[in-house]
Amino acid sequence: SIVSPREPNQLIIKRVVALEGDTVVTRPRYKHRSVVVPKGHCWVEGDNADKSMDSNTFGCVPLGLISAICLYIVWPPKRWTRVSVGMPSDRST
């Protein structure tokens, strides 16, 4: 989870898809086609790409805003499972 860059009193859960020095190909709604993640930052994305407020909305996130690591999905109960490690299937590395 990270502290929202737009709403500092709100925590949001996103997947880290790039770290400092990595080049990430952004989603179409972002202003640049690709971004090199600067030192001390990461690029985060939600699993629901069309409706997620993530780095494609607000850009790179300072590492200091990371507040926790999510290990399990617990809600709704029918989705209770360990969070998979890796890139979402529609993203390339």
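The values are calculated or read from the model by the stated rules, or taken from the named source; none is laboratory data. Not measured: the values here are computed from a predicted model. With ideal geometry, Cβ positions are generated from the backbone for all residues, glycine too; neighbour counts draw on all protein chains shown. Surface areas here come from the heavy atoms of the whole protein model, side chains and all, with no ligands, DNA or RNA. Shrake-Rupley method; radii C 1.70, N 1.55, O 1.52, S 1.80 Å.
Can you classify region 40-83 as rounded, prolate or oblate using the Cα gyration tensor, where a ≥ b ≥ c are the square roots of its eigenvalues, rounded means a/c under 1.5, and otherwise it's prolate if a/b beats b/c and oblate if not?
Oblate.
List the lysines whose Cα lies under 26 Å from the Cα of LYS51, skipping any in the same chain that are fewer than 8 positions away.
LYS14, LYS31, LYS78
Where does the charge balance sit around ILE73 when Lys and Arg score +1, Asp and Glu -1, over other residues with C-beta under 9 Å from its C-beta?
+2
With semi-axes √(5λ) of the Cα gyration tensor in Å in mind, check [x] 29, 17, 10; [y] 24, 19, 9; [z] 21, 16, 13 and report the label derived from this structure.
[z]
Return the carbon/sulfur percentage of the accessible area of the chain, one whole number, probe 1.4 Å, all protein chains in place.
Roughly 57 percent, rounded to a whole number.
Working out 0.36 nm times the residue gap between HIS32 and THR81, then minus their Cα-Cα distance, what length gain in nm do you get to one decimal?
Length gained, HIS32 through THR81: 14.2 nm.
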